[in-house]
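Enquirer: Structure incoming, see below.
The values are calculated or read from the model by the stated rules, or taken from the named source; none is laboratory data. For clarity, every value in this text was computed on a predicted model and none was experimentally measured. A quick note on method: Cβ atoms are made from the backbone with ideal geometry, for glycine too, and the neighbour counts reach across all protein chains shown. SASA here: full protein model, heavy atoms, side chains in, ligands and nucleic acids out. Shrake-Rupley method; radii C 1.70, N 1.55, O 1.52, S 1.80 Å.
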Amino acid sequence: MAGRLEGKVAIVTGAARGMGKAEAELFAKEGAKVVVADILEEEAKQVAENIKKNGKEAIAVKLDVSKAEEWKKLVDMVVEKWGKVDVLVNNAGILSMAGVEQLTEEEWDKVMNINAKSQFLGIKYVLPAMKKAGKGSIINISSIYGIIGSGAAAAYHASKGASRLLTKTVAAELAKYNIRVNSIHPGVIRTPMTDDLLKDPNNAKGLLGTTVLGRPAEAIEVANGALFLASDESSFMTGSELVIDGGYTAL
Ligand code: NAD
């Protein structure tokens, strides 16, 4: 049986570990040729090697998502190698828990560059290839922290809010090219980003907050949502926000 992404070429950023890794592995399993892009070169190589060992196609590429020239090189290389880009998952991101009182200007800029500017750059640089193909699916990984506040993590919330509305306006702008743009809003997911916070039961309870399912999710539970948005099954979805949060924002 053909995979749900058979014949597609997908770039996943931040794919060396955590949710990006789960997305890269799942997309490859479903037939996509996957670009495992990350600033962690060795770990990204390992992910691509494992995908290839399972008989699927992947390449690892070192990418700092906040650098325009690196995006340009990456997309040129992918188009040269595989001829097109069908799917972009703007997943790479960093966490910053500082509230405004502690937050420095440097940290604000770093978080906004890696979490928000990166998504603008990714969209801008894959656009020519997607326009040429007459279709595409772009998925921006935001957060429930892009929908609600928490009383901390000021730069992180701002960056994830930017991702949410960038998604909606770009979806409207690019619809004429048959390019769909959607955001995913994960709740608390067990990844290297949250491992330490979840180890301490008191921290874990605070972090889980109003998650009505009462547990953190595994990365694959978000990857399954990304797979749906990447595939043609979501052909009438654009400018949407897919909330995968165990009911956190239901209350
Ligand atoms: P993670 O820290 O496990 O993985 C993030 C990946 O991004 C890492 O491989 C890291 O090397 C990469 N990265 C960081 N800066 C980069 C840069 N400048 N260029 C390229 N790659 C870079 O985190 P995760 O939990 O898998 O998070 C993935 C995405 O999901 C992030 O955008 C995060 O903000 C978001 N998110 C996470 C949670 C959660 O609970 N874990 C919840 C909501 C949203």
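Enquirer: Report, to the nearest whole %, how much of the accessible area of the chain belongs to carbon and sulfur atoms, 1.4 Å probe, protein only. All intermediate terms of the calculation are to be shown ahead of the outcome.
Expert: Values: 6310 of 11820 Å².
That share works out to 53 percent.
Enquirer: Under the Karplus relation 6.51 cos²θ - 1.76 cosθ + 1.60, θ = phi - 60°, what is the ordered set of whole-Hz ³J(HN,Hα) values for segment 73-88, x standing for Gly and Pro?
Expert: Once rounded to whole Hz, the list reads 4, 4, 5, 4, 5, 5, 5, 5, 7, 10, x, 5, 9, 9, 9, 10.
Enquirer: Remind me, relative contact order of segment 173-247 in percent, using alpha carbon pairs under 8 angstrom and six or more residues apart?
Expert: Details: 85 pairs, mean separation 37.5, N = 75.
Averaging sequence separation for qualifying contacts and normalising by length gives 50 percent for segment 173-247.
Enquirer: Right, here's the next one. Find the percent of Cα-Cα distances in the chain that exceed 23 Å, and round it to a whole number. Write out the running numbers ahead of the final one.
Expert: Details: 14647 of 31375 pairs.
So the pairs more than 23 Å apart make up 47 percent of the total in the chain.
Enquirer: Would you please give the residues with an amide H less than 5 Å from that of Val61, counting only those at least 5 places away or on a separate chain, with H modeled from the backbone geometry?
Expert: Long-range HN contacts for Val61: Val36, Ala37, Asp38.
Enquirer: Can I ask one more? How big is the accessible area of Glu106 in square angstrom, nearest 10, if you roll a 1.4 angstrom probe over the protein chains?
Expert: For Glu106, solvent-accessible area is about 130 Å².
Enquirer: Over the chain, what is the relative contact order in percent, taking alpha-carbon pairs closer than 8 angstrom and at least six residues apart?
Expert: Numbers: 527 pairs, mean separation 46.4, N = 251.
Relative contact order of the chain: 18 percent.
Enquirer: Count the net charge of all other residues whose Cβ sits under 13 Å from the Cβ of Val243, scoring Lys and Arg as +1 and Asp and Glu as -1. Present the calculation step by step, with values, prior to reporting the outcome.
Expert: Values: positive: Lys160, Arg164; negative: Glu221, Glu241, Asp245.
Every neighbour counted, the sum reads -1.
Enquirer: A follow-up question, please. Compute the semi-axes of the equivalent ellipsoid of segment 33-148, taking the square root of 5 times each eigenvalue of the Cα gyration tensor, and list them largest first in whole Å.
Expert: Values: eigenvalues 152, 61, 34 Å².
Semi-axes from the Cα gyration tensor: 28, 17, 13 Å.
Enquirer: With θ set to phi - 60° and the Karplus curve 6.51 cos²θ - 1.76 cosθ + 1.60, what are the ³J(HN,Hα) couplings of segment 118-128 in order, to the nearest whole Hz, using x for Gly and Pro?
Expert: 4, 6, 4, 5, x, 4, 4, 7, 8, 3, x
Enquirer: Another question about this same structure. Just to be sure I understand: if I project the alpha-carbon convex hull of segment 126-182 onto a plane and average over all orientations, what area do I get in nm²?
Expert: Mean projected area of the Cα convex hull: 3.8 nm².
Enquirer: Considering the Cα positions of segment 125-251, please state its Rg to one decimal place and its Dmax as a whole number of Å.
Expert: Just the Cα atoms of segment 125-251 yield Rg and Dmax of 15.9, 51 Å.
Enquirer: Just to confirm, what accessible area per residue do you get for the chain at 1.4 Å probe, in whole Å²? Can you show the working numbers first?
Expert: On the way: 11820 Å² over 251 residues.
Here the per-residue accessible area is 47 Å².
Enquirer: Here's a follow-up. Mind checking the dipole of segment 90-238: about its Cα centre, +1 per Lys or Arg Cβ, -1 per Asp or Glu Cβ, Debye to the nearest 20? If you can, show how the numbers build up before the last one.
Expert: Details: 15 positive and 13 negative charges, 137 e Å.
Around 660 debye, computed over segment 90-238.
Enquirer: Same structure again: Using just the helices of the chain, give the 222 nm mean residue ellipticity in deg cm²/dmol: DSSP H runs with n ≥ 4 each add -39,500 (n - 2.57), and the total is spread over all residues, rounded to 500. Please report the intermediate quantities before stating the final value.
Expert: Working: 9 runs with 110 residues, N = 251.
It lands at -13500 deg cm²/dmol.
Enquirer: For segment 100-107, just list the computed ³J(HN,Hα) in residue order, Karplus coefficients 6.51, -1.76 and 1.60, θ = phi - 60°, integers in Hz, with x standing in for Gly and Pro.
Expert: 4, 5, 8, 4, 9, 4, 4, 5
Enquirer: Once ligands and nucleic acids are excluded and a 1.4 Å probe is used, how much of Thr167 is accessible, expressed in Å² to the nearest 10?
Expert: Taking all protein chains as shown, Thr167 has close to 0 Å².
Enquirer: Follow-up question, since we're still on this one. Would you mind counting up the charge near Ile220? Only other residues with Cβ under 12 Å from its Cβ, with Lys and Arg at +1 and Asp and Glu at -1. Don't skip to the end; give the middle numbers.
Expert: Numbers: positive: Lys21, Lys29, Arg190; negative: Glu23, Glu25, Glu218, Glu221.
Local net charge: -1.
Enquirer: So, one more: Using a 1.4 angstrom probe on the protein heavy atoms only, could you order Ile94, Ile39, Ile141 from most to least accessible area?
Expert: On the way: Ile94 50, Ile39 95, Ile141 5 Å².
Accessible-area ranking of Ile94, Ile39, Ile141, largest first: Ile39, Ile94, Ile141.
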